[in-house]
Amino acid sequence: MRHPTDSSLKQYPMFRSIMTLLCLVATVATFAQTDSSSLFLQKGLQEKQAGRRMESLKNFEKAVNYNGSNKTAVGELALAYTDLRKYSQAKETYKKLVVLGDASADNYRQLMNLSVNLKHQDDAILYATKLKQVEPTAKVNFIIGKVNYERENYGDAIQYLAVAEKEEPQNAEIPYMVARSYGDMKNYKQCVPYFEKAIQLDPSKNNWIYELGLICYAMHDDKNALKYMLEAGAKGYVKDNDYMENLGIAYLNVGNLDEGAKILNELLKKRPSDLNILNMVAEAYYYKGKYTEAMGYWDTILGYDKTNASSLYMIGMCYQKKGEKDKGVQLCDKAIEMDPSLASNKQKKMDMGL
């Protein structure tokens, strides 16, 4: 039996009618999808105008589901995701816009910023580069510098941030990141002026002020270390245990024994067996010639750790300073038996007349 060919089938009126009907159905379905997409887009815009952000988002999603090529709907959906901080969805939607042919500077800028928020560092640099290509005047050096800073690539970070500083002279984050870059490389002298400039641009950043205090402490600039720590506290920096300990040390370093000891003693009420704090206060009293007070703190350390030869040695030194030389020498010799390395300390103190 012969089977009819395609050409012969076309001769049958019923076949032609079916094909026409199928084309008509497909056309109607396409128009229906387009109409539905437009309908939900308009509903979304109305909800957006009324300030109902979640409702507008739902309608924009439906509009895009009906017609993924509706660039207006895709754009509104991208904005809605961004507005609601749904950054992952926003980024994917902006990428879809670019695929649809809308490779505009605004879309690349959004993709760059979203990549920064999502810590997608490679993408942040990629879209910063693309943005610069379509908009040569775009200020992207801050973003590229920031990414390099976060990657601890300090050389490139400083290079890009130097250009960014000319583009955005009022952006306090720029000198701050340069300061941190130098600070992380232990180049403290270089970082101080950038910290100062960042704080000048944004005096409200109490954490930046505190960090500058710590940098000054590392540089043995005790006066400024205390100054910036106090300023940070006055501007609302959290006065936790670490802050109070550093503040107490700063007072001791500038020779204010009373205030430093007062702060550290308050801290010892919370951390009574903190041997580091006990030893610092003891040393502060010792070098101020208050040997009885110093002995009390070193004795407390021995109460927690009887094998602490250094504390025993210093108690011996206190006795010698108080005129009880024989007793003091005995205690020092006993400490050296426990830890022979203390013998070198003995010679140093004798040479210094301590």
Exercise. Taking neighbour Cβ counts within 10 Å as the exposure measure, how do 93, 129, 307 sort from fewest upward?
Worked result: 307, 129, 93
Exercise. Expressed as an acute angle from 0 to 90° and rounded to the nearest 10, what is the orientation of the C-alpha long axis of helix 105-117 relative to the principal long axis of the chain?
Worked result: 40
Problem set entry | For the stretch 111-160 versus the stretch 285-316, the gap between their alpha-carbon centres in whole angstrom | 55
Exercise. With the Cα gyration tensor of the stretch 53-178 giving a ≥ b ≥ c as the square roots of its eigenvalues, does the rule (a/c under 1.5 for rounded; else a/b larger than b/c for prolate; else oblate) give rounded, prolate or oblate?
Worked result: prolate
Seminar exercise, completed: By the Cα gyration tensor axes a ≥ b ≥ c (a/c under 1.5 gives rounded; else a/b larger than b/c gives prolate, otherwise oblate), the shape of the stretch 204-269 is oblate
Problem set entry | Cα gyration tensor shape for the chain, rounded if a/c is under 1.5, else prolate or oblate | prolate
Exercise. At what distance in nm do the modelled label points of residue 137 and residue 269 sit from each other, each positioned 7 Å from its Cα along Cα→Cβ?
Worked result: 6.2
For this session: Working from Cα positions, state the angle (0 to 90°, nearest 10) between the long axis of helix 222-234 and the longest principal axis of the chain.
Result: 50
Exercise. Fully extended, how many nm does the chain gain between residue 218 and residue 330 (0.36 nm per residue separation, minus their Cα-Cα distance)?
Worked result: 36.6 nm
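Can you compute the FRET efficiency between residue 126 and residue 69 using 1/(1 + (r/R0)^6), with r the Cβ-Cβ distance and R0 = 25 Å? Round to the nearest 0.05.
0.50
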Seminar exercise, completed: Residue span residue 339 to residue 104: 0.36 nm per residue of separation minus Cα-Cα distance leaves a gain in nm of 77.4 nm
For this session: For a footprinting-style exposure proxy, rank 195, 40 by other Cβ within 10 Å, fewest first.
Result: 40, 195
Problem set entry | Difference of contour (0.36 nm per residue) and Cα-Cα distance, residue 322 to residue 86 | 77.9 nm
Exercise. Tell me, 151, 109 in order of fewest to most beta-carbon neighbours within 10 Å?
Worked result: 151, 109
Exercise. Going by alpha carbons, how many degrees (0 to 90, nearest 10) lie between the helix axis of 87-99 and the longest principal axis of the chain?
Worked result: 40
For this session: Past 20 Å, Cα to Cα, is the threshold; run 288/334; 43/95; 62/119; 166/189; 166/197 against it and keep the listed order.
Result: 288/334; 43/95; 62/119; 166/189
Exercise. Rounded to the nearest 0.05, what FRET efficiency is calculated for residue 276 and residue 306 with R0 set to 25 Å and r the Cβ-Cβ distance?
Worked result: 0.90
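No lab work stands behind these numbers, since they all come straight from the coordinates. Given the structure is predicted, the values throughout are model-derived calculations rather than measurements. Using ideal geometry, Cβ is built from the backbone for each residue, glycine included, and neighbour counts are taken over all protein chains shown.
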